[in-house]
Amino acid sequence: MSFEKMWLNYQKNEKSQVINRFMLGQSIYVCISEGENQENRVIRTAAKELQEAIGDILDTHVDIYEKIHESVDECLEGIILRRTDVLKTPDAYHVKERDGLLSIEANNGRGVLYGVFDLIRRLQCASNLKRLDVIETPDNPLRMLNHWDNMDGSIERGYSGQSFFFKNHELCINDRTHMYAKLMASVGINATVINNVNVKDSATELISSRYYKYLQVLSEVFADYGITLYLSLNYAAPIDLGGLASADPFDSEVIAWWEQKMQEIYTHLPHLGGFLVKADSEGRPGPFTYGRNQAEGANLLARAIKPYGGTIIWRCFVYNCQQDWRDYNTDRARAGYDYFAPLDGEFLENVVLQIKNGPMDFQVREPVSPLFGAMEHTQQILEVQIAQEYTGQQRHVCYLIPMFKEILDFKTYCGQDEDRVSDIVSGRSYGQKLCGMATVANTGNDTNWTGHDLAGANLYGYGRLSFNTSLSAEAIAKEWIQRTFGLDPEVEHILLNILMQSHSTYEKYTSPLGIGWMVEPNHHYGPNVDGYEYSRWGTYHRADHLGIGVDRTPQGTGYTHQYKEHNASMYADLESCPEALVLFFHHLKYTHELKTGKTVIQHIYDTHFEGVSEVETMIQEFKRLQGRIEQQVYLRILDRLEEQLESAREWRDQINTYFYRKSGISDKHGRQIF
Ligand code: GCW
């Protein structure tokens with residue numbers, strides 16, 4: 001089925017064929033170096049990919065000729081793929097057409113591959129390749145995916161079926177694995193973690209002889225597409241796997257165990273990039289058990305892996321998940337900064353901290369984590385989540401790239417300029433090399449990969465954005481639509497509108513003014529206003545009969561002062577606090593008048609009615625596409641939109657009714673509230 005190929009579902013494109021006639025009958029010259037090496041392998045992958053795409057899109061066969069690097073100048077006509085020293089940055093590429101000669105040059109094999117996929121994108125979108133001259137340099141050195149796949153085949157927060165990496169505690173390597181590598185490389189992903197950060201049971205054994213052979217094969221499949229394999233690690237492996245009594249980072253037996261383990265791992269898996277670690281978080285073991293801090297914990301692993309050039313990616317999602325809801329002083333939002341900011345400069349050079357975009361947990365709207373900009377001497381990765389845990393679970397359409405853009409564009413004021421989140425994680429702010437972006441992936445073994453067909457835009461968009469953070473969310477969505485659904489302008493117009501408004505619509509019927517967590521506990525789908533109100537998770541809205549919101553100003557939990565000026569004052573001052581986040585930072589009366597002139601309660605009612613009616617409009621619009629997109633896909637999407645509508649009504653009615661009952665204030669438009 002075509003949707004198994006997502007945006008690489010090449011179709012014969014007559015428009016492209018006419019525009020790019022000069023490519024017909026050309027040959028591909030691949031310039032490789034002498035001997036067998038990884039760079040050559042990636043360049044060969046690139047050539048095969050280009051051959052396939054030209055064959056399908058332009059309906060013409062091109063031959064591939066291999067040349068040893070020195071002799072390339074002989075080929076005057078054709079498509080040349082080669083490495084060059086001119087481009088200094090790894091993964092950057094130069095695509096150029098001149099007098100019928102098309103060259104794709106890069107400093108490494110991966111860059112050549114990216115150049116090829118750039119060209120393929122242009123062929124699919126029917127852009128003119130004549131006189132093309134483009135140099136692209138990736139903004140982020142690391143562009144990662146984190147899969148939360150378990151060894152039994154289930155996926156934590158997975159909404160697209162089962163894992164395609166694991167089944168019954170075995171690794172799967174098949175056509176889908178190859179297609180995965182190809183799809184990810186086509187949008188610039190260069191690293192992936194295949195197992196859940198919650199490493200339990202058999203997953204601890206991934207670093208044992210039972211799995212090395214399979215992991216090695218997998219890492220080679222990935223390496224041919226320029227993707228480096230990483231694994232998640234159980235911090236208590238010395239106990240659970242090694243039979244030691246402790247996992248204390250200062251214990252000499254533990255240190256020796258890790259040194260030996262890393263040596264063993266790298267003997268079997270020379271391509272492994274390193275490990276992602278969730279420690280001292282939500283019940284997972286970590287250095288706190290032994291009275292050690294997070295840097296001491298991370299450095300243990302970093303030292304052991306260093307001889308092999310490996311990296312330790314250490315998550316900052318550390319907070320007290322045994323909070324008492326009666327306690328108004330502890331604020332979960334503060335935890336990441338409180339634990340990590342004082343450790344700036346203490347992490348070894350092969351440690352990267354991975355920081356979730358917000359201080360809580362992937363809510364519909366949160367402020368940016370104040371850790372960004374607070375750690376000048378620490379390498380950092382921004383972690384986002386395209387698995388739609390709190391944003392409709394791939395049953396609702398919610399295009400997340402506009403939100404990711406806002407996060408990347410956020411000014412931290414950590415310097416005079418180059419102080420945005422995008423500057424920090426790209427290495428521009430502090431000159432760091434090991435940094436970038438990671439996302440919790442939204443894929444599974446569903447035919448269409450992402451459950452909701454439109455959720456494919458988030459997978460595509462994340463890759464494109466992490467490569468080039470200045471692309472607009474709209475440009476990315478357009479590309480994705482054209483490559484996935486073809487060049488019908490009506491299809492593009494309607495789907496683009498749906499995608500571009502989807503996050504705002506979702507926010508309207510779920511989560512007003514920065515209040516999160518009003519979801520069903522555990523699975524997080526559907527409304528439950530008090531679902532997390534009296535729990536241990538530190539996730540409270542504090543609504544009573546007079547008002548709602550959390551006071552995080554200096555009079556409250558003091559969280560606002562984790563930001564640098566001017567952000568600290570901007571959030572603390574009700575006048576300047578952005579309205580979309582006002583209840584995140586302030587406790588307000590329902591009768592408080594917002595800048596729009598509406599009261600808080602009226603805003604809640606209005607947005608919930610609007611959200612539902614926007615979903616109704618989406619469905620009407622979408623129905624105009626019947627017959628214009630593949631019927632099966634049309635029906636699948638329609639089905640999800642209909643479920644979304646039903647769910648949005650449930651959200652609207654529960655939220656509005658709850659706050660009406662609490663406040664006793666009627667909707668001024670007299671609409672139905674139950
Ligand atoms: O959002 C929470 C999820 C957990 C997840 C955790 C994390 C993998 O509900 O399922 O665990 O975040 O990011 O570690």
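The values are calculated or read from the model by the stated rules, or taken from the named source; none is laboratory data. On a predicted model such as this, the values are computed, not experimentally measured, just so you know. As a convention, Cβ positions derive from the backbone with ideal geometry for all residues, glycine included, and neighbour counts pool all protein chains shown. Surface accessibility is based on the protein's heavy atoms, side chains included, excluding ligands, DNA and RNA. Shrake-Rupley method; radii C 1.70, N 1.55, O 1.52, S 1.80 Å.
Structural remarks
- Inter-label distance, nm, simple model (7 Å from Cα along the C-beta direction), residue 137/residue 176: 4.0
- Per residue, the average separation of C-alpha pairs within less than 8 Å and at least 6 apart gives region 3-136 a relative contact order of 29 percent.
- Take every DSSP beta bridge whose two residues both sit in the chain; close to 25 percent of them are antiparallel.
- The mean sequence separation of alpha-carbon pairs under 8 Å and at least six residues apart, normalised by the residue count of region 142-472, gives a relative contact order of 19 percent.
- Rounded to the nearest Hz, the phi-derived 3J(HN,Hα) couplings of region 411-426 under the Karplus curve 6.51 cos²θ - 1.76 cosθ + 1.60 (θ = phi - 60°) are 7, 8, 6, 7, x, 5, 9, 6, 10, 7, 4, 4, 5, 5, 6, 7, where x marks glycine and proline.
- Relative packing of peptides 289-298, 414-423 - highest average C-beta neighbours within 10 Å first: 289-298, 414-423
- Distance from the alpha carbon centroid of region 440-476 to that of region 373-408 works out to 12 angstrom.
- The charge dipole of the chain, taken about its Cα centre with unit charges on the Cβ of Lys, Arg, Asp and Glu (plus for the first two, minus for the last two), comes to roughly 620 debye.
- Among the listed pairs 508/595; 88/564; 200/508; 88/278, those beyond 26 Å (Cα-Cα): 88/564; 200/508; 88/278
- The relative contact order of region 274-324 comes to 51 percent, based on Cα pairs under 8 Å that sit 6 or more residues apart.
- Sparsely packed GluC sites (Glu not before Pro) within region 1-40, loop by DSSP, other Cβ within 10 Å at most 15: 34, 36
- Region 142-472: C-alpha gyration tensor shape, a/c 1.5 cut-off, then a/b vs b/c: rounded
- Between the amide H of residue 383 and those of 355, 356, 357, 438, distances stay under 5 Å, these residues lying 5 or more places away or on another chain, with hydrogens modeled in the peptide plane.
- Burial ranking of peptide ranges 107-114, 486-493 (average Cβ count within 10 Å, highest at the top): 107-114, 486-493
- Solvent-accessible area, 1.4 Å probe, carbon plus sulfur percent, for the chain: 47
- Between residue 325 and residue 528, the FRET efficiency from the beta-carbon distance, with R0 = 22 Å, is close to 0.90.
- Ordering 227, 569, 597 by Cα displacement along the dipole of the chain toward the positive end leaves 597 in first place; charges were set at the Cβ atoms of Lys, Arg (+1) and Asp, Glu (-1).
- Per-residue ellipticity at 222 nm, computed for the chain from helices alone with -39500 (n - 2.57) per DSSP H run of at least four residues, works out to -11000 deg cm²/dmol.
- If both residues of a DSSP beta bridge must be in region 142-472, then about 10% of such bridges are antiparallel.
- Cross-link reach list, lysines versus residue 15, counting only Cα pairs under 18 Å and skipping chain neighbours closer than eight places: 130, 478
- Extension gain, residue 348 to residue 650, is 103.8 nm, computed as 0.36 nm per intervening residue step minus the present C-alpha separation.
- Modelled label reach - residue 271, point 7 Å along Cα→Cβ, region 1-45 residues with backbone N closer than 20 Å: 32-45
- At full extension, residue 251 and residue 217 could sit 8.8 nm farther apart than now, given 0.36 nm per residue minus the alpha carbon distance.
- Simple spin-label estimate for residue 200 and residue 628 gives 4.7 nm between the two label positions (7 Å along the Cα-to-Cβ direction from each Cα).
- Estimated inter-spin distance, residue 580 and residue 18, nm [label 7 Å along Cα→Cβ]: 4.1
- Two-decimal Rg/Rh across the chain, once Rg and the Kirkwood Rh are taken from alpha-carbon atoms: 0.98
- Packing-based order for 664-673, 627-636, 509-518, 121-130, using average beta carbon neighbours within 10 Å, highest first: 509-518, 121-130, 627-636, 664-673
- Average accessible area per residue (Å²) across the chain - probe 1.4 Å, nucleic acids and ligands excluded: 37
- Centre separation in Å (Cα based) which lies between region 10-68 and region 577-654: 46
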